[in-house]
1. Any lysines with Cα under 25 Å of the LYS137 Cα? List them, leaving off those in the same chain fewer than 8 positions away.
2. How far is it, in nm, from the label point at SER134 to the one at THR29 when both lie 7 Å from their Cα along the line to the Cβ?
3. Hey, what angle do you get for helix 148-165 against the long axis of the chain, alpha-carbon based, 0 to 90 degrees rounded to 10?
4. Here are a few candidate values for Cα Rg over 2.2 N^0.38 Å: (1) 0.95; (2) 1.17; (3) 1.01. Which one was actually calculated from the structure I just gave you?
5. What ranking, highest mean first, results for peptides 38-44, 132-138 when packing means the other Cβ atoms within 10 Å averaged over each residue?
6. Between ALA207, ALA151, ALA120, find the one with the highest GNM mean-square fluctuation for the chain; connect C-alpha pairs within less than 10 Å.
7. Return one quarter of the surface area of the convex hull spanned by the alpha-carbon atoms of region 124-207, equal to its mean projected area, in nm².
8. With r as the distance between the Cβ atoms of VAL226 and TRP206 and R0 = 35 Å, compute the FRET efficiency 1/(1 + (r/R0)^6) and round to 0.05.
Amino acid sequence: MNKFIPIALSLFLSLAAHAASAEEPALSTYTEQSSDLSIKASWPRFGLARPDRESDDLVRRCVDNFREEAGQYLKELQVMKEQSPDMPDYVFEMDLEGSMHGNGKVTGMLWKAYQYTGGAHGNLLVFSRNYVSSDGKPVGLHDIFRKPEKALALMSELTRKKLLEQELPWDMVEGGTTPEEENFNTFLLEENGLTVYFNPYQVGPWAAGVVTVTLPLSALSEAQPVMSFWK
């Protein structure tokens, strides 16, 4: 087993912003490759100080945390290989990708983080960050609804109904759609509503993948949406 030594890397995340066409934002990328480790990240630039700084910091944290975690797994794998020399080697992988979405008023970044550290399959996590398109101010559920608790209750009820129509397991849907903010904090704003993203195992098995439900503003009217985030 080769030692865990990143190749041609500094201790800090190096950001490479590539020029893009006039219609597309510039793209930052990061790659780290060795015989034991593969880390790849790509994310678009907002062109605003705060969102770009927070995106860069997020990537840096994810890379540092995964590198440390992979180092621990490699030590454990080395011990197991000493006991079972025929155990195959494998590469610890992380692929982090950000994609930008917007409705003209709010621009969101949907992050997809895939990690493989052994086993039958890797782990996939999606999460989002939303910002006012004009000034980069962060936007959360408590900003876009005057009655956020009512919004959570409605989102719980409506998404649960739509998910059960997809024949997902009742017990997983029930647990993953309780009216708590942690169950609905991955969302993007659409022109006339919002789309909620559910991670694997939150409302369904791994095979179901990332599950989405789009809710129209008309169905959320009792939560009093702040229309300046849409119109």
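Quick note: the coordinates plus some simple rules give every number you see, no bench work behind them. Source: prediction; values computed, not measured. We place every Cβ from the backbone using ideal geometry, glycine too, and count neighbours over all the protein chains shown.
1. Within the straight-line limit of under 25 Å, LYS137 reaches these lysines: LYS105, LYS112, LYS147, LYS150, LYS231.
2. Here the answer is 3.6 nm between the modelled labels.
3. 70 degrees
4. Recomputing Cα Rg over 2.2 N^0.38 Å here picks out (2).
5. Values: 38-44: 19.7, 132-138: 14.4.
Descending packing order for the listed peptides: 38-44, 132-138.
6. Of ALA207, ALA151, ALA120, the Gaussian network model singles out ALA120 as fluctuating most.
7. Numbers: hull surface 24.1 nm².
With every direction weighted equally, the projected area is 6.0 nm².
8. Working: r = 36 Å, r/R0 = 1.04.
E(calc), rounded to 0.05, equals 0.45.
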